[in-house]
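Asker: Questions regarding the structure given below will be posed in turn.
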Amino acid sequence: MKGDTYMANQKLGIIMNGVTGRMGTNQHLVRSIVAIREQGGVALSNGDTLMPDPILVGRNEAKLKKLSTEYGIDRWSTNLEEALADDYNEIYFDSQTTVRRADDIRRAVKEGKHIYCEKPTATSVEESLELAKLAKEAGVKNGVVQDKLFLPGLLKLQRLIDAGFFGKILSVRMEFGYWVFEGDWQEGQRPSWNYREEDGGGIIVDMFAHWRYVIDNLFGPIRSVSCLGATHIPERIDEKGKPYTCTADDAAYGTFELEDGIIVQANSSWAVRVNRDDLLTIQVDGTEGSAVAGLRDCKTQHRVNTPKPVWNPDIQNPHDFLAQWEEVPDNQVFDNGFKVQWELFLKHVFADEPFPWDLLEGAKGTQLSDLGLKSWKERCWVDVPDLHV
């Protein structure tokens, strides 16, 4: 933070680059920054209030004007260089496509801006590490969006882990995905670049960055990975109604071995129809109990409540297995995960409060994606070495 004096109502200029995209608009602008402004800012421990003052930056002037008008944002620009040159703007946020992110983060670091960005932070682990090193050498604070840690379902799961509910954790099974329409008779729910490798697409690049921080933070460090990718849908229709060849993977079947012997299986697919409680479910099995967490809910089955089924395909199943689980209560109000992490980062920049999810943590996500792709290509297990800057 520039200067040493706190003000009762302190404004903080934030460059929001790529905010016209789906994630940038919905999660970061509307449900995070606009929501923070509408609640009156971020309350600091000393009683002061921090008010984010964003400038919306992008290439599409019409979209920027529309967002500015709709959400009461006074500042917008198509000139990133001018926004970076303005000392009032202390934070640079990036939610562009991955292939554009690294160059603009370099520019922002050079201008002394604190960095907050979406993941993957770059298209390779080498470039992600370079960004982490540049930020460290420049002395700017930096953070990477790791939103799934703040989902209610995962917070409940963390509560169970902290309480020792599972005993010794044995294994984890993660199922993620849904059917993304091809774009012919129904419009696809995801942008077409997601399915082009040359544009930074692919579910391994996208989701392994998430699985790295989820697994590392909840269950322990990943030490090796085995991954099989697939492009199940070879052709899709883009936003202009034109067919294109899918060059990136739309499904990934991964197995991770953790430091303490826990085995994690993670299936990720944009070509699967959902027959589970949520788009993401995480089942944790331990010696004393098991749990299944979704985005918001979490249910448990303790050792003493575990049924005793017997394999017999010749009779009707006597068990209603889904009814044999108990819901973990909310016991607290859960705010939007993106907003919660934004508030933590703003406190980190302004009041030097802790924020462990930095660019090095982002590089770990890119590393796992790279190693997953390597495992798929070479059809082998790959070790995951420690990263340092």
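Asker: Which shape class, rounded, prolate or oblate, goes with region 152-212 when its Cα gyration tensor gives a ≥ b ≥ c as root eigenvalues, a/c under 1.5 marks rounded, and past that a/b bigger than b/c marks prolate? Please report the intermediate quantities before stating the final value.
Answerer: Working: a/c = 3.57, a/b = 2.45, b/c = 1.46.
Verdict is prolate for region 152-212.
Asker: Here's a follow-up. Roughly how many nanometres apart are two label points built 7 Å out from the Cα toward the Cβ at residue 184 and residue 61?
Answerer: 4.0
Asker: With 10 angstrom as the radius, rank 348, 388 by how many other C-beta atoms surround their C-beta, starting from the fewest. Working shown, then result.
Answerer: On the way: 348 21, 388 9.
Going from sparsest to densest Cβ surroundings: 388, 348.
Asker: Between residue 302 and residue 85, what is the FRET efficiency for a Förster distance of 51 Å, r being their Cβ-Cβ separation, to the nearest 0.05? Mind dumping the intermediate values first?
Answerer: On the way: r = 59 Å, r/R0 = 1.16.
In this case the efficiency is close to 0.30.
Asker: For residue 228 and residue 99, compute 0.36 nm times the residue count separating them, minus their Cα-Cα distance, and round to one decimal in nm. Display every interim value, and only then the final one.
Answerer: Values: separation 129, 0.36 × 129 = 46.44 nm, distance 2.37 nm.
Between residue 228 and residue 99, full extension yields an extra 44.1 nm.
Asker: Please find, in a Gaussian network model of the chain (springs between Cα atoms separated by less than 10 Å), the residue of 32, 171, 45 whose mean-square fluctuation is greatest.
Answerer: 45
Asker: Determine the relative contact order of the chain: mean sequence separation of Cα pairs under 8 Å and six or more apart, normalised by residue count, in whole percent. Kindly include the intermediate steps, with their values, before the conclusion.
Answerer: Details: 780 pairs, mean separation 78.6, N = 389.
Averaging sequence separation for qualifying contacts and normalising by length gives 20 percent for the chain.
Asker: Further question: If the chain between residue 197 and residue 326 were fully stretched, how many nm would it gain, using 0.36 nm times the residue separation less the Cα-Cα distance? Please list the in-between numbers first.
Answerer: Working: separation 129, 0.36 × 129 = 46.44 nm, distance 4.24 nm.
Full-extension gain reported as 42.2 nm.
Asker: Still on this structure, I have one more. Provide the convex hull volume over Cα atoms per residue for the chain, in Å³.
Answerer: Details: hull volume 65.3 nm³, N = 389.
Enclosed volume per residue, from the Cα hull, is 168 Å³.
Asker: Nearest 10 degrees, 0 to 90: what angle lies between the long axis of helix 359-378 and the longest principal axis of the chain (Cα atoms)?
Answerer: Orientation of helix 359-378: about 50 degrees from the principal axis.
Asker: Take the Cα atoms of region 194-267, build their convex hull, and give its volume per residue in Å³. The partial results should precede the final answer.
Answerer: Details: hull volume 6.3 nm³, N = 74.
Dividing the Cα hull volume of region 194-267 by its residues yields 85 Å³.
Asker: Can you give the relative contact order of region 11-76 as a percent, counting alpha carbon pairs under 8 Å and 6+ residues apart? Let's see the in-between values first.
Answerer: Numbers: 82 pairs, mean separation 25.3, N = 66.
Once normalised by length, the contact order is 38 percent.
Asker: Another question about this same structure. In whole angstrom, how far apart do the alpha carbon centroids of region 6-62 and region 202-256 sit?
Answerer: 30
Asker: Further question: In 5 Å bins starting at zero, report the fraction of Cα pairs in region 42-128 per bin as a rounded %.
Answerer: Cα pair-distance distribution for region 42-128, in percent: 3, 13, 20, 21, 19, 14, 7, 3, 0.
Asker: Looking at region 109-208, how many pairs of lysines come closer than 19 Å at the Cα, when each pair is eight or more places apart or spans two chains?
Answerer: 13
Asker: All other residues with a Cβ under 11 Å from the Cβ of residue 169 taken together, and with Lys, Arg as +1 and Asp, Glu as -1, what is their net charge?
Answerer: Details: positive: 168; negative: 260, 285, 288.
Taking every Cβ under 11 Å from that of residue 169, the sum is -2.
Asker: Tally Lys/Arg at +1 and Asp/Glu at -1 over every other residue whose Cβ is under 13 Å from the Cβ of residue 290; what's the total? Mind dumping the intermediate values first?
Answerer: Numbers: positive: 168, 173, 299, 303; negative: 285, 288, 326.
Around residue 290, the surrounding residues sum to +1.
Read-outs: derived from the displayed coordinates by stated rules, not from any lab. What you see is a predicted model, and the numbers here were worked out from it, not measured in a lab. Glycine gets a Cβ as well: all are built from the backbone with ideal geometry, and neighbour counts include every protein chain shown.
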